[in-house]
Amino acid sequence: MLEKLDMTKKLTKAKYADELGPLQVRLRELEFELYNKKVPVLCVFEGWDAAGKGGAIKRLTEMLDPRGYCVSAFAAPRGDEKTHVYLWRFWQSLPAGGVIGIWDRSHYGRVLVERVEGFCTYDEWRRAYQEINEFEAHQTSFGMVICKFWLHITQQEQLRRFKGRELDPFRSYKLTDEDWRNREKWDQYSLAVEDMVLHCSTNYAPWTVVEANDKYFARVKVLRTVVEAIERRIMRKKAT
């Protein structure tokens, strides 16, 4: 699936400016509708290191009322998180009705980094697909809108961005030894991503794979996907 993506998709700077602003304005309008109707939204971001998750999240929230959204970033579990089932810490961060929750990394770490790095057993990550699907089904049954994004870039583009970060004193902190180690396991992570999308893209919580070699294209695709998903949910709620 990843190999078949058209990674040449891009937007000019002018086209990006034309499309980004109206989508951000529309999302802000929808934010107030979500609040009035008490509909929760969860946007999950996964992707390669340097794929542009932070930039996409920034444009997603840029024009929102800060009282109406919450961004959570997840790294390796620590402290009490290690003494509970892996989904426990994500339950704690679910958005309430009327709030847009944005997760930078997520419960999918179980079938990505934990699988590849051996932090859980084969049986644990294999059964996680069903556990995750059931977890998300609980939320959508409650009325939540779930948008899940895998930001995909090529190995060549990742290397270009890594080298750019090395030379930029304001962004060099983003590049770590772990990033280089993960890059060496590209094929293993690619297989894990393929399995994740295959087993966990459902009609109630589908995965959107974003061609992110061009950041302009990726940001607009993310925004449009979120806007359209919320609009569908609002229309269904009005119909009932």
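Throughout, read-outs are computed from the coordinates displayed, never taken from laboratory work. Quick caveat, the model's predicted, so the values are computed rather than measured. Because the Cβ atoms are built from the backbone with ideal geometry, glycine has one as well, and the counts that use them run over all protein chains shown.
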Using a Gaussian network model on the chain with a 10 Å cutoff between Cα atoms, which of 22, 40, 77 fluctuates the most? 77
From the helices alone, meaning DSSP H stretches of at least four residues, give me the mean residue ellipticity at 222 nm for the chain, per-run term -39500 (n - 2.57), in deg cm²/dmol to the nearest 500. -16500 deg cm²/dmol
For residue 163, list the aspartates and glutamates whose Cα falls under 19 Å from its own Cα; do not include residues on the same chain fewer than 8 positions away. 49, 177, 178, 179, 184, 214
On a straight-distance basis, which lysines could pair with residue 58 in a cross-link, Cα separation under 22 angstrom, same-chain partners fewer than 8 positions away excluded? 9, 10, 13, 15, 148, 174, 215, 221
Place a point 7 Å from Cα of residue 201 in the direction of its Cβ. Which residues in region 88-111 have their backbone N less than 18 Å from it? 108-109, 111
Roughly how far apart, in whole Å, are the Cα centres of region 93-144 and region 172-195? 20
So what are the radius of gyration and Dmax for the Cα set of region 32-147, in Å? 14.9, 44
Dipole in debye (nearest 20) - the chain, about Cα centre, beta carbon charges: Lys, Arg +1; Asp, Glu -1: 800
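Please say if region 140-240 is rounded, prolate or oblate, where rounded means a/c under 1.5 for a ≥ b ≥ c the square roots of the C-alpha gyration tensor eigenvalues, and otherwise the choice is prolate for a/b larger than b/c and oblate otherwise? Intermediate results must be reported in sequence, preceding the final value.
Working: a/c = 2.97, a/b = 1.90, b/c = 1.56.
Cα axes put region 140-240 in the prolate bin.
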Candidate values (i) 13.7; (ii) 14.8; (iii) 15.6, label of the one derived for mean projected area of the Cα convex hull in nm²: (i)
In debye to the nearest 20, how big a dipole does region 52-162 give about its Cα centre with +1 on each Lys and Arg Cβ and -1 on each Asp and Glu Cβ? 340
